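One structure is given here, and the rest of the page talks about it.
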Amino acid sequence: ASQDDPIEILAIVHPDYRRRGIGRALVGEILLECRRRGQGDVLLVSEEASVCERGFADAMGARYDFSEYRMLLDAGAFQERVRMHSPASFHDAALSDLEALVVIRLASFGGKEAEVRADIPRWLGEANQRLHIAKVNDKPVGIVRVGTYPDSVFINGLGVLPEYRGRGIGRYMLVQVVDRLLQEDQGRILLEVQTDNRDALSLYQSSGFREIATYRYYRLKA
């Protein structure tokens, strides 16, 4: 991670050994290593349902930053949806699409261009990662990434160029991805979305995704 890109920490201690300072010691060691590396902020992740973890974040002096829903696809609800037509076409992305992928990723999620340029070839080279791209009249306008793990898949970073939003392209990409994953029988299909991103949340809910957990992110200075 870069100095401006926070590291995420999820500290887990066995229930029989809590309240002995173990979690605090673990996080303390991570913060020391971050300082040695010149790392900036650290994000402490806490499941909202866990009062213990929230209390731990408060005790560490962490400042609340944002929350995300983890959402699980209800395949039955998804399959009831009417298939849609779209002005876009859907493709597997390749390294030859790098310039377009960088532009769409930056326009959708921000960040530093140098880091995005490094991330995309890395994802394309990893066996468990896939990138897809949507085009309108051969112009790349949308991007989505899928990460495959032993018992589940995660849909990540679905974004559309601002000038092409509101045309159903994001929904079209989501439908294409989910259709493929259901055909491949990859296991649970998951995604995460910030709780205040109402447009994305509405898209996912109306496509058959349901909230199964809420995670709170607290910012710590390294």
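The values are calculated or read from the model by the stated rules, or taken from the named source; none is laboratory data. Model, not experiment: these values are computed from the prediction. FYI the Cβ positions are ideal-geometry reconstructions off the backbone, even for glycines, and counts take in every protein chain you see. Only protein heavy atoms, including side chains, enter the accessible area calculation; ligands, DNA and RNA are left aside. Shrake-Rupley method; radii C 1.70, N 1.55, O 1.52, S 1.80 Å.
Would you mind telling me which numbered condition in (1) at pLDDT 95 or above; (2) closer than 25 Å to ARG188 by Cα; (3) in contact with a helix residue (DSSP H, G or I) (Cβ under 7 Å, 6 or more places away or on another chain) PHE154 fails?
(3)
Which members of segment 138-149 meet the condition of being open to solvent by 30 Å² or more (accessible area, probe 1.4 Å) and either touching a residue at least 12 places away in the same chain (Cβ under 8 Å) or part of a helix (DSSP H, G or I) (or both)? Steps first, answer last, please.
Looking only at segment 138-149, we keep the residues that are open to solvent by 30 Å² or more (accessible area, probe 1.4 Å), and these are 138-140, 145, 148-149.
The answer is PRO140, ARG145, THR148, TYR149.
Pick from LEU220, LEU201, LEU181, LEU191: which is of a type outside the set (Phe, Trp, Tyr), within 30 Å of ARG24 (Cβ to Cβ) and open to solvent by less than 20 Å² (accessible area, probe 1.4 Å)? Can you show your working first?
Details: LEU201 fails: within 30 Å of ARG24 (Cβ to Cβ); LEU181 fails: within 30 Å of ARG24 (Cβ to Cβ); LEU191 fails: within 30 Å of ARG24 (Cβ to Cβ).
On inspection, the qualifying residue turns out to be LEU220.
For segment 150-166: of the residues being in a loop (DSSP other than H, G, I, E, B) and touching a strand residue (DSSP E or B) at 6+ places or on another chain (Cβ under 8 Å), which is farthest from LEU101 (Cα to Cα)? Please lay out each step first, then the result.
Step one: of segment 150-166, the residues in a loop (DSSP other than H, G, I, E, B) are 150-151, 161, 165-166.
Filter again for touching a strand residue (DSSP E or B) at 6+ places or on another chain (Cβ under 8 Å), leaving 151, 161.
Values: ASP151: 28, LEU161: 10 Å.
That would be ASP151.
In this structure, does VAL45 turn out to be open to solvent by less than 60 Å² (accessible area, probe 1.4 Å), among the β-branched types (Val, Ile, Thr) and modelled with pLDDT of 95 or more? Even if it seems obvious, please write down each step before you answer.
Working: open to solvent by less than 60 Å² (accessible area, probe 1.4 Å): yes; among the β-branched types (Val, Ile, Thr): yes; modelled with pLDDT of 95 or more: no.
Considered against the rule, which asks whether it is open to solvent by less than 60 Å² (accessible area, probe 1.4 Å), among the β-branched types (Val, Ile, Thr) and modelled with pLDDT of 95 or more, VAL45 comes out as no.
Residue check, MET173 against (1) open to solvent by 60 Å² or more (accessible area, probe 1.4 Å); (2) out of contact with any Asp or Glu (no Cβ under 9 Å at 6 or more places or on another chain), all met but one. Which one?
Only one criterion is unmet by MET173, namely (1).
Just to verify a result, which residue in segment 93-110, among those that are more than 19 Å from ALA200 (Cβ to Cβ) and either in contact (Cβ under 8 Å) with a residue 24 or more places away in the chain or not in a helix (DSSP H, G or I) (or both), is most open to solvent (accessible area, probe 1.4 Å)? Full working, then the answer.
Here is the first cut: in segment 93-110, the residues more than 19 Å from ALA200 (Cβ to Cβ) are 93-103.
Then drop every residue that is not either in contact (Cβ under 8 Å) with a residue 24 or more places away in the chain or not in a helix (DSSP H, G or I) (or both), which leaves 93-95, 97, 100-101, 103.
Working: ALA93: 18, ALA94: 42, LEU95: 108, ASP97: 26, ALA100: 27, LEU101: 0, VAL103: 85 Å².
Result: LEU95.
Checking ASP65 against (1) surrounded by 15 or more Cβ atoms within 10 Å (Cβ to Cβ); (2) modelled with pLDDT of 80 or more, which test does it fail?
Of everything listed in (1) surrounded by 15 or more Cβ atoms within 10 Å (Cβ to Cβ); (2) modelled with pLDDT of 80 or more, ASP65 misses just condition (1).
Quick check on my filter: what residues within segment 172-222 are assigned to a loop (DSSP other than H, G, I, E, B), at pLDDT 90 or above and at negative phi?
Step one: list which residues in segment 172-222 are assigned to a loop (DSSP other than H, G, I, E, B), which gives 185-187, 195-197, 207-208, 222.
After this cut, where a residue has to be at pLDDT 90 or above as well, the list is 195-197, 207-208.
Within segment 172-222, THR195, ASP196, ASN197, SER207 meet the criteria.
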